[in-house]
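Since every read-out is calculated from the coordinates, none of them should be taken as a lab result. Predicted model, so just to flag it, every value in this text is computed and none were measured. Every residue, glycine among them, receives a Cβ derived from its backbone with ideal geometry; neighbour counts consider all protein chains shown.
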Amino acid sequence: MWVKICLSVALTAFAAVQPALADENERTESAACALHIWLSRDFHTTYYGWFHGGTVDGSLKQRSGYVPIPTAPLTIRDQGEALRKLPVADLLGLHGFVQEIHDQPLSQRAIRETNGRHAQGTPACYAELIVDDLIVQENVLSGKALNVIYRFRRFDGGDVPTRTFGAFVQQPLRLFPPADPARLPAALDELAAAFERSVAEFGTKLQAPPKRRDRR
Amino acid sequence: MKRLLILAIAPLTLSGAQANAQAAPEVTPLPSASDNTPTDGLQPVAPADGCELHLWPAERMSSTTIGLLGGGLLDAAIHANRDSSNQSLMASALDSPSQLDALQALDLRTLLSLTPGTLIVRHETPLERKTMNNVKTRRSDSHAACYSELIVGDVAYQKSPLYGRSLRTLFMLRKFDANQKIIKEYKAWGGNGLKLFPPKEGEDAITALDELTTVYKRNFDEYARNARASLARTGSR
């Protein structure tokens with residue numbers, strides 16, 4: 001009799017916690033997925049004018065004829081602050097992924113030549129977003145824009161990515177680089193906002209069905 | 001009864017421990033060895049003979065799209081945004097380290113008819129483009145008696161309805177005597193067609209960006225072929 005009572009109590013308790021167990025498994029599975037983000041240490045400027053242009057980083061080098069800009073207008077810290085405010089994983093369609101932002105950037109060589117994961121000891125369900133390059137471009141005929149090159153890779157278990165996608169997205173700029181130094185704070189805010197928007201746009205492009213040209 | 005309860009609860013406890021273990025993975029960033037400049041190709045392939053080749057990348061990049069209007073202001077205005085983004089993509093894919101890596105990956109000693117004992121020296125900062133022709137002295141502090149310079153002047157993308165898409169690169173090789181005098185110089189463009197570049201905004205761009213490096217190398221190969229022939233002619237005079 002006692003055995004029957006004990007058994008029924010145990011089974012009832014087990015049955016009662018089953019939904020909780022299922023929830024826990026679900027949560028664990030999603031918590032096990034990780035999105036690692038690396039920021040860019042590269043920042044370039046390009047310019048096309050009426051009578052001159054073409055020198056890469058002419059503004060950063062303070063060359064004559066190029067609007068001078070601060071040496072590091074969008075630092076790794078600025079990028080990190082911008083992305084920490086955003087649900088980057090959700091913007092990329094990776095719902096439930098835990099995002100981790102690395103403060104130490106990858107080198108261009110590592111970005112382009114590494115085939116496997118950039119971080120070891122990561123879970124099987126894993127993805128990477130790399131801010132490859134940041135370029136402020138100005139064309140006297142078409143205006144100014146922030147051009148951000150992103151690279152995305154997703155791994156499902158192994159060390160070979162199951163999906164890779166790299167694209168550039170442009171966000172128009174009105175204030176940056178400022179001709180008047182007094183407007184620098186507003187211009188830097190605009191640049192950071194453009195960077196934030198670029199992540200969302202990249203996420204949209206990432207989730208869009210591949211175009212015919214990309215299906216190779 | 002206790003045993004039964006423990007048996008019933010055990011799976012829960014176990015799954016909780018597993019969850020904790022999975023939720024906090026130990027992330028080990030890869031060593032930054034890949035950050036270091038590759039040394040392959042810099043050191044002489046034979047005993048050093050005191051000869052040096054110094055490399056400088058290009059700092060000027062341009063994109064010109066000629067439409068059916070045949071060029072001009074209106075054509076430039078129509079393609080301004082495209083040319084601007086092309087220039088940015090070139091600045092990224094062919095930044096100074098990437099240009100030097102591309103050159104270093106080639107057999108420069110053979111391609112430029114240099115001795116196997118030549119030491120190759122990278123200069124990560126490009127020279128100011130407008131000084132490329134004006135300055136006739138050595139651009140480094142080296143006092144090597146056997147000394148050469150390879151300077152990349154321009155990288156130019158062009159699209160025209162007649163010839164299609166191409167990437168051209170301007171190279172200049174100078175050989176100096178033991179003093180500051182240039183004894184041989186050859187400056188010319190190398191150019192080859194592009195199949196993938198430029199990508200459109202939002203499209204997968206990786207292969208198109210990689211193509212720039214491949215064609216940059218091909219351009220140098222073409223330039224070096226002409227340089228060898230030209231320098232051999234001037235040398236035999």
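Structure notes:
- When the trypsin sites (Lys or Arg not before Pro) in the range B:93-197 are filtered for DSSP coil states and for at most 14 other beta-carbon atoms within 10 Å of their beta-carbon, the remaining sites are B:Lys130, B:Lys136, B:Lys181, B:Lys195.
- Over the range A:83-171: Kirkwood hydrodynamic radius from C-alpha pairwise inverse distances, Å: 14.6 Å
- Semi-axis lengths, largest first, of the ellipsoid equivalent to the range A:34-210 are 32, 16, 15 Å, with √(5λ) applied to each eigenvalue of the Cα gyration tensor.
- For the range A:116-189 versus the range A:92-111, the spacing of their alpha-carbon centroids is 11 Å.
- Once divided by 2.2 N^0.38 Å, the Cα radius of gyration of the range B:46-236 becomes 1.11.
- Rounded to whole Hz, the Karplus (6.51, -1.76, 1.60) HN-Hα couplings of the range A:38-54, x for glycine and proline: 10, 9, 9, 9, 8, 9, 10, 10, 10, 8, 10, x, 6, 10, 8, x, x
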